[in-house]
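Heads up: the structure comes next, in structure tokens.
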Amino acid sequence: MTENQRTISPGTEQEVKRRPLLVELFIRLVKEKPLGTIGGVIVLALFLTGVFADFLAPYGFNEISLTHRLSPPSGAHLLGADNLGRDLLSRIIYGARISMFVGLGASALNVVIGTILGIISGWFGGKTDIIIMRFVDAWMCFPGLFIYLTVMSILGPGLWQVTLVMGISGGINCRTERSAVMAIKQNVYLEAARSIGVSNWGIMTRHILPNILPVIIIVASLGIGRYILTEATLSFLGFGIPPPTPSWGGMLSGSGRQYMLLAPWMALWPGLALAAVVYGFNMLGDGIRDILDPRLKGGLGRYGGVEKQKAKKTSEVGVTS
């Protein structure tokens, strides 16, 4: 039995470790997290809708037809029309492109800034860490919505303004990335790299960054849904995407709120689309976090997968023997 274990276990470990992180993440997500898989399907549908909006939308997002003004759902307009006769289905489809751009753009900017600040703060420590973290603490004292409204009132509404403001503001809070760096800072391989003369830049890019990648993926996946909802809030308040560009938050505000009793579909469909997308991103983010976060049971990422496979193979060999 011992020889069989030594023969099978190393091969199994090598086979599992050979899988790329994203492939193993996808396999475990489908097998272990059904709600996360459903969220992934919703997210994929959002991306495909945003990319192919020009082909999926039956009308232009600002195509006005006063003869169909406030018309209910029908064959000509599957989800109805708004107060200017614009097709709601087309505007929701184009609104998916806006949400996709804002969510991905702000989350990417958040990850880049947060990762840079977190690695610098966690690796160098000392006065550098104190200065960065005191600035982060001072920044976090202000409510996020207050910062967004203040900056947007200065810059003016717009797609790029919203994306930059949310991404930079979120990236300043680098506590999660810093904690991940501090957790691996004293590992032997980092001491070995430093002892042979590897520069700080080399250590941060070749050794620290790959090892905190699961944390970065968690931060990115959980942040996209939050940024989409924040953009909808700003657009609802009039500080987000200006009309006539279709934003789900903007569709809920203004005419959607004004005609809520006369034409409830004007607020119903954008609200459902927003709720479904935020739910999908939250479920997908929770599933990825449960798989990759080492603090949760079974959440050891690829190493957790390896240990589970080794234990499973060992038990099978033991039973066979």
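Read-outs throughout are calculated quantities, based only on the coordinates presented, and are distinct from any laboratory measurement. Just so you know, these numbers come straight off a predicted model, no measurement behind them. Note that we place each Cβ from the backbone using ideal geometry, even for glycine, and neighbour counts take in every protein chain shown.
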Using the count of nearby Cβ atoms within 10 Å as a rough guide to exposure, how do Arg194, Arg86, Arg226 rank from fewest to most? Arg194, Arg226, Arg86
Report the one residue of Ile196, Ile116, Ile172 whose Cα lies farthest in the direction of the positive end of the charge dipole of the chain (charges on C-beta: Lys and Arg +1, Asp and Glu -1; origin at the Cα centre). Ile196
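Return Thr150, Thr115, Thr163 ranked ascending by Cβ neighbour count within 10 Å, so the fewest neighbours appear first.
Ordered from fewest to most neighbouring Cβ atoms within 10 Å, Thr150, Thr115, Thr163 come out as Thr150, Thr163, Thr115.
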Among 123-135, 39-51, 278-290, how do they line up by average Cβ neighbours within 10 Å per residue, starting with the highest? 278-290, 39-51, 123-135
Tell me, what does the Kirkwood hydrodynamic radius of the chain come to in angstroms if you use every pair of distinct C-alpha atoms? 22.4 Å
Rounded to the nearest 10 degrees, the helix 265-292 long axis (Cα) sits at an angle to the longest Cα principal axis of the chain of 0 degrees
Neighbours of Val102 by Cβ distance under 14 Å: Lys/Arg at +1, Asp/Glu at -1, summed charge +1
Let's see if you can work this out: charge +1 on each Lys and Arg Cβ, -1 on each Asp and Glu Cβ, no other charges. What is the dipole magnitude of the chain about its Cα centre, in debye to the nearest 20? 660 debye
Got a sec? Which residues in the stretch 194-216 would a label at Leu22 touch, if it sits 7 Å along Cα→Cβ and we count backbone N under 19 Å? 209-216
Set Lys and Arg Cβ to +1 and Asp and Glu Cβ to -1, take the dipole of the stretch 19-312 about its Cα centre, and tell me which of Phe236, Ala183, Leu70 lies farthest positive. Ala183
Crossing angle, helix 301-320 versus the chain [Cα axis fit, 0-90 degrees, rounded to tens]: 60 degrees
Charge dipole of the chain about the Cα centre (unit charges at C-beta), most positive-ward option of His207, Gly285, Pro34: His207
